Amino acid sequence: MKELSPSDLFETRPESLFSSRDRDYLLDFYTPLIGIKAVALFEALLSESSPESHSHETFLAKIQISVGEMVASLNALEAVGLVATYFQKGDKFNNFVYCIYAPKTPKEFFDNVLFVGTLRQYLANDNIKAHHQK
């Protein structure tokens, strides 16, 4: 990810259809992989979706995280395919576009060998079986 400054602007674009179960999937499947800060950032970015630009400075103050925490969380979100970041360099400030993707359904998640293998590192097998039943 390019270096982010509080003076940079961003916009978010939901790129998927989202369901009422997505929050459950995020908490149950993604939190052990990427952490609660990244999940919270995902939710905050999704709530900012609109065609207008937002200031990182205002956004960071609102959700009370640092630039470093945001960058680390964005990297985690990108690693699991929940966010894709696009960057455009400007004269005075840079522009970022955060494309937001819905989390995988339980079937999609458990069909992905990499995701379920990583989840096994963090949860006991009994917990994974219980999650898979959902």
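The values are calculated or read from the model by the stated rules, or taken from the named source; none is laboratory data. For clarity, every value in this text was computed on a predicted model and none was experimentally measured. Cβ coordinates were reconstructed from backbone atoms using ideal geometry, including for glycine residues, and neighbour counts include every protein chain displayed.
Filter the stretch 40-55 for residues that are closer than 29 Å to residue 118 by Cβ and among the charged types (D, E, K, R); which is surrounded by the most Cβ atoms within 10 Å (Cβ to Cβ)?
48
A count restricted to the stretch 56-70 and to residues that are in contact (Cβ under 8 Å) with a residue 24 or more places away in the chain and either in contact with a helix residue (DSSP H, G or I) (Cβ under 6 Å, 6 or more places away or on another chain) or surrounded by 15 or more Cβ atoms within 10 Å (Cβ to Cβ) (or both) stands at 7.
Candidates are the residues of the stretch 5-41 that are of a type in the set (A, V, I, L, M, F, W, C) and touching a strand residue (DSSP E or B) at 6+ places or on another chain (Cβ under 7 Å); the one that is farthest from residue 120 (Cα to Cα) is 9.
Checked against the criterion of being surrounded by 14 or more Cβ atoms within 10 Å (Cβ to Cβ), at pLDDT 85 or above and within 15 Å of the chain's Cα centre (by Cα), the candidates 75, 94 yield just one match: 75. Would you check if there is a residue in the stretch 115-125 being at pLDDT 85 or above and either touching a Leu at 6+ places or on another chain (Cβ under 7 Å) or assigned to a helix (DSSP H, G or I) (or both)? Among the residues of the stretch 115-125, not one is at pLDDT 85 or above and either touching a Leu at 6+ places or on another chain (Cβ under 7 Å) or assigned to a helix (DSSP H, G or I) (or both), which makes the answer no.
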